[in-house]
């Protein structure tokens, strides 16, 4: 099974291939995109032992001298200090402008490796090989790269498109159920915005087993939806902002939870809570939040968290990267399949949230 999806941003078009067991033949797919060159595989301590050495050996045997650079697993690696270590190692290995980086891992690896590629020697080639469901359906496509700051997620980064994205649904079988469910949070975000057949497909996902069985279709639908948005608005000046549905509240609760929530879990909370709030405003049809809650909870995704409404939550909200002139742009659903923008001053949003969200003192 092979599916090819074209992503055509103005700066750098490329293809995404969804190939079951594709990682076993990584060198074959790389050879169709890159001429012979030195490669550094950037991975983490969880993914590396599973796939990196085999990939390294196969690439080297195919005429691509390859080294593996392993970073610590987890969001903490999206930092200045880790970025510096990565770039210094690329320089120590004498990587040149005609060489390349392969990001082999989840969203953290993809974000960090992509950012390093975008700034090292003012930009060298990068290929994304995402191994988590979240990265396969979201962060590996679209060219967003970033590290975090103490004040917020993804506050330092670039738009830097890869040369190629290889998605292998077979690797999902090694993921624990919680990480599978996390990725489903982003899938539901795309599905509820797309509506139609994509949204209807999610009605049949009632377990992680069902999710794995439908993974190729769900990944394809998510990537196709995102590819169309990214092609129309590469640098998030207009329509691409719609992909932030659920993320304003989601990012804030993720930061306030201080590592206890995965990104997709935080997005699930943001999706549900904002849909519920806009339903109360009568801007989203009644029953939408209940329907969304059923699909989120079918995979065990949370609808709320103790970090919601804490001082740390509101502190993080004030550093939302979509904030412009103290104006916050929220995304809501006019109905399923029809997302829209809702702008209001940050102070009004804070007051609204303090009135409508559960409030905690710590």
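The values are calculated or read from the model by the stated rules, or taken from the named source; none is laboratory data. These figures come from a predicted structure and were not determined experimentally. A quick note on method: Cβ atoms are made from the backbone with ideal geometry, for glycine too, and the neighbour counts reach across all protein chains shown.
Observations on the model:
- Among (1) loosely packed, with under 13 Cβ neighbours inside 10 Å; (2) touching a residue at least 60 places away in the same chain (Cβ under 8 Å), the one test that residue 88 misses: (2)
- Any hit, the stretch 96-109, residues being assigned to a loop (DSSP other than H, G, I, E, B), in the same structural domain as residue 26 (by TED's automatic domain parsing), buried (at least 20 other Cβ atoms within 10 Å of the Cβ) and more than 17 Å from the chain's Cα centre (by Cα): yes
- Inclusion of residue 266 among residues that are part of a helix (DSSP H, G or I) and closer than 30 Å to residue 77 by Cα is warranted.
- Complete set of residues in the stretch 140-155 that are part of a strand (DSSP E or B) and touching a strand residue (DSSP E or B) at 6+ places or on another chain (Cβ under 7 Å): 144, 145, 146, 147, 148, 149, 154, 155
- Residue ID - modelled with the highest pLDDT, chosen from residues in the stretch 283-325 that are assigned to a loop (DSSP other than H, G, I, E, B), more than 30 Å from residue 206 (Cβ to Cβ) and in contact with a strand residue (DSSP E or B) (Cβ under 8 Å, 6 or more places away or on another chain): 319
- Sole exception among (1) without any contact (Cβ under 8 Å) to a residue 12 or more places away in the chain; (2) farther than 16 Å from residue 139 by Cα; (3) part of a helix (DSSP H, G or I) for residue 253, by number: (1)
- Total residues in the stretch 110-139, condition part of a loop (DSSP other than H, G, I, E, B), free of Cβ contacts under 8 Å to residues at least 60 places away in the same chain and surrounded by 24 or more Cβ atoms within 10 Å (Cβ to Cβ): 1
- Flag for residue 261 being surrounded by fewer than 24 Cβ atoms within 10 Å (Cβ to Cβ), in a helix (DSSP H, G or I) and touching a helix residue (DSSP H, G or I) at 6+ places or on another chain (Cβ under 6 Å): no
Residue-by-condition table, conditions (1) free of Cβ contacts under 8 Å to residues at least 24 places away in the same chain; (2) touching a helix residue (DSSP H, G or I) at 6+ places or on another chain (Cβ under 8 Å); (3) part of a helix (DSSP H, G or I):
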{"position": "158", "(1), (2), (3)": "no, yes, no"}
{"position": "185", "(1), (2), (3)": "no, yes, yes"}
{"position": "191", "(1), (2), (3)": "no, yes, yes"}
{"position": "212", "(1), (2), (3)": "no, yes, yes"}
{"position": "221", "(1), (2), (3)": "no, yes, yes"}
{"position": "235", "(1), (2), (3)": "no, no, no"}
